[in-house]
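What follows is a set of notes on a single structure, which appears directly below.
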Amino acid sequence: MEIKERCDLNNDKQTNLMLVDGMALLFRAFFATAVTGQYMVNSKGIPTNAIHGFVKHFFTAIEHFNPSHVAVCWDMGSTTFRTEMYPSYKANRQDAPVELIPQFDLVKEVVESFNVPNIGITGFEADDCIGTIAKQMKGEANVTILTGDQDILQLLDDHISVALLKKGYGNYMVYTPANFQEEKGITPKQMIDLKGLMGDTSDNYPGVKGIGEKTALKLLQVHQNIEGILANLSLLTKGQRTKIETDLEMLHLSRQLAEIKCDVPVSCMLEDSYLNINPATAMKKFEELEFKRFHHYVEKKEELTLF
């Protein structure tokens, strides 16, 4: 099953596409309130706390970054090509809380009511859809990726920036290739090899046992990439060499798992992602969900788009 990928080209010279990691916003919103048991159950008995927070994150980001186009990307289940490669991939994660499960489909209905495309494809993660579309936009649009996942930083390019969600609403750390390299000492692309070396506890793949971020960064700063490291094993310390040789197979597998695929069968031609919210449609959905405080968001956006 696929979510229809829809994305009329805006001839404005400043075409700015915001790609939203829907899962990142939804999970962040859910756990921000679930910790105190505030599930916001409506009169139909359906929890709506995650959707409520998602909407607030969504419109806060639109007001902050003022994109001309918007699309939201989603995971389509827990089974992907990565779990086929490595069954333990993300196996450390607990099942979604029962209060969150009914909100997965409802939040997509909310996005659809904004006339914003939902994008997702079975077998791939939202990151892969985001990466593919972001790369396709070269020469067509500047892209801002809104997410809470630092893995997406590997996509940074001259036309791609990343806005990482920070605590609260409207707080972002915006990365470009320049400030990423200044902070990390490596290029965005080298982040794939960094994860190959050090692994990722969040995604549950190990990399090279005993190689942490500090050592991995130093090795990449000197040898550029994993191939360069392997070609110069004799220059490494005995301990580093032994660790890499012992976990060589996992090193290559971890790098494959870390790399966002930018050639998945999904496309975005900007045709339907032009931000043009119909207030009546959006407010009808808010009323269905019994949200009473969001009308000003769509009314304000209508005023901004009347040019």
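The values are calculated or read from the model by the stated rules, or taken from the named source; none is laboratory data. From a predicted model like this one, the values you see are computed outputs, not experimental measurements. Cβ atoms come from the backbone with ideal geometry, glycine included; neighbour counts cover every protein chain shown. SASA here: full protein model, heavy atoms, side chains in, ligands and nucleic acids out. Shrake-Rupley method; radii C 1.70, N 1.55, O 1.52, S 1.80 Å.
The figures follow:
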read-out	value
Positions within the stretch 114-129 being of a type in the set (A, V, I, L, M) and in a loop (DSSP other than H, G, I, E, B), in sequence order	VAL116
Some residue of the stretch 216-239 being assigned to a helix (DSSP H, G or I) and touching a Ser or Thr at 6+ places or on another chain (Cβ under 8 Å)	no
Residue count for the stretch 25-42, restricted to those that are basic (Lys, Arg) and loosely packed, with under 14 Cβ neighbours inside 10 Å	0
Verdict on ASP157 being at pLDDT 95 or above, in contact with a helix residue (DSSP H, G or I) (Cβ under 9 Å, 6 or more places away or on another chain) and under 30 Å from ARG241 (Cα atoms)	no
Residue check for LYS167: under 28 Å from ALA29 (Cα atoms), at pLDDT below 95 and of a type in the set (D, E, K, R)	yes
Qualifying residue in the stretch 85-105 (condition: assigned to a helix (DSSP H, G or I), at pLDDT 95 or above, over 19 Å from the mean Cα position of the chain (by Cα) and more than 20 Å from CYS262 (Cβ to Cβ))	yes
Residue tally, condition among the β-branched types (Val, Ile, Thr) and open to solvent by 70 Å² or more (accessible area, probe 1.4 Å), over the stretch 200-241	3
Positions within the stretch 185-207 being in a loop (DSSP other than H, G, I, E, B), over 18 Å from the mean Cα position of the chain (by Cα) and farther than 21 Å from ARG93 by Cβ, in sequence order	GLY185, ILE186, THR187
Tally of residues being open to solvent by less than 30 Å² (accessible area, probe 1.4 Å), farther than 23 Å from ILE152 by Cα and either in contact with a Phe, Trp or Tyr (Cβ under 9 Å, 6 or more places away or on another chain) or modelled with pLDDT under 80 (or both) across the stretch 262-284	3
Pair list, Cβ under 9 Å, 6 or more apart: the stretch 73-91 residue more than 21 Å from VAL20 (Cα to Cα), other residue of a type in the set (Asp, Glu)	PHE81/ASP128; ARG82/GLU125; ARG82/ASP203; TYR89/ASP203; LYS90/ASP203
Residue within the stretch 131-138 that is at pLDDT 95 or above, open to solvent by 50 Å² or more (accessible area, probe 1.4 Å), within 24 Å of GLU63 (Cβ to Cβ) and assigned to a helix (DSSP H, G or I) present	no
Selection status of SER254, in contact with a strand residue (DSSP E or B) (Cβ under 9 Å, 6 or more places away or on another chain), open to solvent by less than 70 Å² (accessible area, probe 1.4 Å) and farther than 30 Å from SER113 by Cα	yes
Residue count, the stretch 60-80 (criterion: closer than 23 Å to GLU271 by Cβ and either hydrophobic (A, V, I, L, M, F, W, C) or within 15 Å of the chain's Cα centre (by Cα) (or both))	9
